[in-house]
Amino acid sequence: MTNGRCVRHGLRVHSTAPETPPPVTSSLSSPPRTDPAAALRSVKRVLVLRYSQSGQLDEVAEQIAAPLRADPSIQVHEETLRPQKPYPFPWPFLTFFDAFPESAHMKPQPLAPLSLTGEEDFDLIVLPYQVWFLAPSQPVAAFLKHPVAARLLKGKPVVTVIACRNMWLLAHEKLKGMLDDVGARLIDNVVLTDPGPTLATFFTTPAWLIWGRKRGFWGMPDAGLSTRQIRGTARFGRALRDALHSGQERGTQPLLAGLGAVRADAKLLISEKAGTRSFYLWGKLIMAAGGPGAWQRKPLLLLYVLFLIALIVTVVPVSLTLQALLRPLFRGWLTKMTAQFECPSGSATDRTALYDN
């Protein structure tokens, strides 16, 4: 589905900055002087923020960063976000669920000191992130709440990159609110989701996160993104490189339009809203029992796990069936929501051949 109201595919925005006049020489025999400051200004600076537990999101970030890093006219600074108390991978069972109350309430655990001071000046920020319990991961949320982020991102164009199972719509709405809070400009969004069937991922994703079993079992596919998906993200790095060369990051148009950056499934919105509400209410109850890791939370976490399993086995199938039956009545609404969530980059693929190798 395309979303022409969000993007104008194939449009290139060129910088309107005036050209620097050639230096005036004092004599014919004197060579023109080069201005070191002007040469430095011609180099574009890109910040790539990184946090990955399994390593999958790091692979995606590397594919995007590599074409930028290889260009001598682009400087790339990669900042790895490090929680003060590292999150384990694979997650112990209760530790995994113990992260959901603070994730749902956007109350992240603090980060270790950053190498950034906030005084740096970047032309573009690339922000890959995971979805934790229908919200941005705690390390990314912690960064966006950090005082450095407010100074670093103000007025800057940001490209977000999501890698998740399949539910990301409301998490991205929360992240957009956080970017607005620091004055950043969301210029593009890339979304990569697990290609496996939805029902299968209910089993394969937890098996990967909790037991470290990525390979498929019982005839189900492997968990996570495919190798082809990950390698394909290099096209976004190449497109960003070209956009930086022509100064398009200073404009208002997306840089990744026409590259199949995001395909939204608005049918999941009802399920996401129900899940978000559940995480919020139960999270509030569990946080009242104690902080992360407190033994008083464990009985409530076990109770919630049982509630969640019962919900998945009984309510979810009925809800999906009803949604399928009523879908024709909501076709117009679904089309509108899909276009909205695919902004700003869109799902069109008319420029893909230019950047796929």
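Taken together, the values in this text are just the output of simple stated rules run on the coordinates, not laboratory data. What you are looking at is a predicted structure, and each value in this text was computed from that prediction instead of being measured. Cβ atoms come from the backbone with ideal geometry, glycine included; neighbour counts cover every protein chain shown.
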Q) For the peptides 155-166, 242-253, what is the packing order when you average, over each peptide's residues, the other Cβ atoms within 10 Å and list the highest mean first? A) 155-166, 242-253
Q.
Under a crude label model (7 Å from the Cα following the beta-carbon direction), how far is residue 320 from residue 340 in nanometres?
A. 2.5 nm
Q: Could you please state, rounded to a whole Å, how far the C-alpha centre of region 113-152 is from the C-alpha centre of region 44-59?
A: 11 Å
Q. When the distances between all Cα atoms of region 297-357 are binned every 5 Å from zero, what whole-number percent does each bin get?
A. 4, 13, 11, 11, 12, 12, 12, 12, 8, 4, 1
Q) Relative to the present Cα-Cα distance, how much length would full extension add between residue 66 and residue 202 at 0.36 nm per residue of separation? A) 45.7 nm
Q: Report, ordered by chain and residue number, the lysines lying within cross-link reach of residue 156, taken as a straight Cα distance under 28 Å and ignoring same-chain residues fewer than 8 apart.
A: 44, 107, 145, 174, 176
Q: Can you pull the one-decimal nm distance between simple spin-label points at residue 87 and residue 75, each 7 Å off the Cα toward Cβ?
A: 3.2 nm
Q. On full extension of the chain, what length is gained from residue 115 through residue 352, given 0.36 nm per residue of separation minus the C-alpha to C-alpha distance?
A. 81.8 nm
**Q.** For the chain, calculated [θ]222 nm from helices alone, where every DSSP H run of n ≥ 4 adds -39500 (n - 2.57)
**A.** -12500 deg cm²/dmol
(Q) With both bridge residues required to lie in the chain, what share of the DSSP beta bridges run antiparallel, to the nearest 5%? (A) 10 percent
Q: Pull out the extension gain between residue 265 and residue 311, defined as 0.36 nm times the separation in residues minus the alpha carbon to alpha carbon distance; nm, one decimal.
A: 14.4 nm
Q) With each pseudo-label sitting 7 Å past Cα toward Cβ, what's the residue 253-residue 154 distance in nm, one decimal? A) 3.0 nm
Q: Choose one of 322, 56, 202: the residue whose Cα lies farthest towards the positive end of the charge dipole of the chain (beta-carbon charges +1 Lys, Arg; -1 Asp, Glu; about the Cα centre).
A: 322
